[in-house]
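Structure record follows, encoded as structure tokens.
The values are calculated or read from the model by the stated rules, or taken from the named source; none is laboratory data. Computed from a prediction, not measured in an experiment: that's the story for all the values here. Glycine also receives a Cβ, built like all others from the backbone with ideal geometry; neighbour counts cover every protein chain displayed.
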């Protein structure tokens, strides 16, 4: 039921549309190219490949923080594949494990183990800071790697972490559409077949482990407009998960509220 395949999508045309869009944005903003954080996952693989297709300089950065070795190796393999097929790819690896360790060592012990999620978000924000360091030096744009389910469905990203980007090339693509375009582009099979994960937990915790539902299930919930009395128990459970996460993470998915001062007070 949840295994969506968008047979209507024109893969080649969609890829060209996104490629043109990021190229035009770069031209209008007078920037020189793009920087992409490479995680070994499918979203960053697709984003970096589209960036490569633009012909503009693309800097791929791996930023492991006590990272699962398989994730790191997938990222390296993807970068090698890009460099074999495109001339505009540069790359570097910056291990942020010691930076993260230095940060945690300064936190009072009463806090250090109090909230694992807070420390996970620190990892994402360290990576964002690193991407913007190199973006500013090179006059590049930071490309976001979030898909539509993450960015506008359940808010599955770190505020001012992986959510801190200049433009979002694939944020109007469902996760299943990300897979569709990745297969079309010939992205490495090991990336396509790997369980989706944000790579921010020291244990191998997948996105589904964290969310409680798979991406196809969440896509179904995003588009559900039927009668809840006619769906299965699992579908009801998935719908509840989606609604809860969507409400809980609205602060990430809407503009920062601004306190407007009445003219009478100015």
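If a residue must be surrounded by fewer than 16 Cβ atoms within 10 Å (Cβ to Cβ) and touching a strand residue (DSSP E or B) at 6+ places or on another chain (Cβ under 7 Å), how many such residues does region 112-133 contain? Break it down into steps so the answer makes sense when it comes.
Within region 112-133, the first condition is being surrounded by fewer than 16 Cβ atoms within 10 Å (Cβ to Cβ), and the residues that meet it are 112-118, 129, 133.
Then keep just the ones that are touching a strand residue (DSSP E or B) at 6+ places or on another chain (Cβ under 7 Å); that gives none.
Counting residues in region 112-133 that are surrounded by fewer than 16 Cβ atoms within 10 Å (Cβ to Cβ) and touching a strand residue (DSSP E or B) at 6+ places or on another chain (Cβ under 7 Å) gives 0.
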query = residue 35 is checked against (1) assigned to a loop (DSSP other than H, G, I, E, B); (2) under 14 Å from the mean Cα position of the chain (by Cα); (3) at pLDDT 95 or above and fails just one. What number does that condition carry?
reply = (1)
key: For residue 183: the one exception among (1) out of contact with any helix residue (DSSP H, G or I) (no Cβ under 6 Å at 6 or more places or on another chain); (2) farther than 22 Å from residue 131 by Cβ; (3) part of a loop (DSSP other than H, G, I, E, B)   = (3)
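Looking at residue 143, is it under 29 Å from residue 53 (Cα atoms) and crowded, with 16+ Cβ neighbours inside 10 Å?
On the way: under 29 Å from residue 53 (Cα atoms): yes; crowded, with 16+ Cβ neighbours inside 10 Å: yes.
Spelling it out, residue 143 is indeed under 29 Å from residue 53 (Cα atoms) and crowded, with 16+ Cβ neighbours inside 10 Å.
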Pairs where the first residue, in region 186-203, is farther than 23 Å from residue 151 by Cα and the second is modelled with pLDDT of 90 or more and assigned to a loop (DSSP other than H, G, I, E, B), C-beta under 6 Å, 6+ apart = 202/66
inquiry  = What's the total number of residues in region 204-220 that are touching a residue at least 60 places away in the same chain (Cβ under 8 Å) and either part of a helix (DSSP H, G or I) or within 20 Å of residue 172 (Cα to Cα) (or both)?
reply    = 7
inquiry  = Quick test of your reading of the structure: residue 69 fulfils all but one of (1) surrounded by fewer than 20 Cβ atoms within 10 Å (Cβ to Cβ); (2) more than 20 Å from residue 190 (Cα to Cα). Name the failing condition by number.
reply    = (2)
